[in-house]
Amino acid sequence: MRAFIDSDVLIWHLRGEKRARNFLRRLRDKGECEIWTGALQRAEVVFFMRKHEEEMTLEFLAQFQTASVDQALVDEAGVLFRKWNPSHGIDVNDAFLAASARRTGGRVFTLNKKHYPMPDVLVSQAWRQ
């Protein structure tokens with residue numbers, strides 16, 4: 001199974017949050033899944049890193065496979081966005097990660113499960129806050 005890590009988990013790890021580090025370590029050490037992130041989640045992190053964070057951030061992100069974006073994924077994410085944004089306020093990034101997970105049978109790990117209301121997308125809370 002592919003474990004898709006949402007940007008909130010990635011950002012908390014980079015900020016030094018122990019629960020994020022422990023969660024990712026447990027997921028990796030279990031060896032039961034491939035650890036991925038979405039292209040837009042990676043972009044969220046890379047676009048907003050500061051110059052002095054670049055080396056550390058890119059080393060951290062190198063541990064994750066990144067889901068690619070193609071025409072079919074854009075179209076699928078668009079369907080999810082149009083369906084779930086009006087009622088649940090999901091954003092474009094959430095729609096892309098949900099589509100990536102749904103397409104591969106993967107699971108999204110996030111701190112914001114409400115961003116993934118789609119019944120056919122597997123979603124788990126990364127850790128309890």
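The values are calculated or read from the model by the stated rules, or taken from the named source; none is laboratory data. Every value quoted in this text rests on a predicted model; they were computed, and no experiment measured them. Ideal geometry is used to build each Cβ from the backbone, glycine not excepted, and the neighbour counts take in all protein chains shown.
Taking the criterion of being farther than 18 Å from W84 by Cα and in contact (Cβ under 8 Å) with a residue 40 or more places away in the chain, the residues of segment 112-128 that qualify are A126, W127.
Let's see how each residue does on (1) under 13 Å from V9 (Cβ atoms); (2) modelled with pLDDT of 95 or more; (3) part of a helix (DSSP H, G or I); (4) of a type outside the set (D, E, K, R):
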{"site": "L73", "(1), (2), (3), (4)": "no, yes, yes, yes"}
{"site": "A77", "(1), (2), (3), (4)": "no, yes, yes, yes"}
{"site": "F81", "(1), (2), (3), (4)": "no, yes, yes, yes"}
{"site": "A99", "(1), (2), (3), (4)": "no, yes, yes, yes"}
{"site": "R103", "(1), (2), (3), (4)": "no, yes, yes, no"}
{"site": "D120", "(1), (2), (3), (4)": "no, yes, no, no"}
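In segment 15-32, the qualifying residues are those that are in contact (Cβ under 8 Å) with a residue 40 or more places away in the chain and surrounded by fewer than 16 Cβ atoms within 10 Å (Cβ to Cβ), and the one that is farthest from V92 (Cα to Cα) is N22. For segment 54-62, the count of residues that are assigned to a strand (DSSP E or B), of a type in the set (V, I, T) and within 16 Å of the chain's Cα centre (by Cα) is zero. Checked against (1) farther than 16 Å from T37 by Cβ; (2) among the acidic types (D, E); (3) under 16 Å from the mean Cα position of the chain (by Cα), D75 meets all criteria but (3).
Residue by residue, here is whether (1) among the small types (G, A, S); (2) out of contact with any strand residue (DSSP E or B) (no Cβ under 7 Å at 6 or more places or on another chain) holds:
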residue: T37; (1), (2): no, no
residue: A43; (1), (2): yes, yes
residue: M49; (1), (2): no, yes
residue: Q71; (1), (2): no, yes
residue: E76; (1), (2): no, yes
residue: R82; (1), (2): no, yes
residue: H88; (1), (2): no, yes
residue: D91; (1), (2): no, yes
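You will find that of E44, E59, the residue that is exposed (fewer than 13 other Cβ atoms within 10 Å of the Cβ) and farther than 20 Å from D120 by Cβ is E59 and no other.
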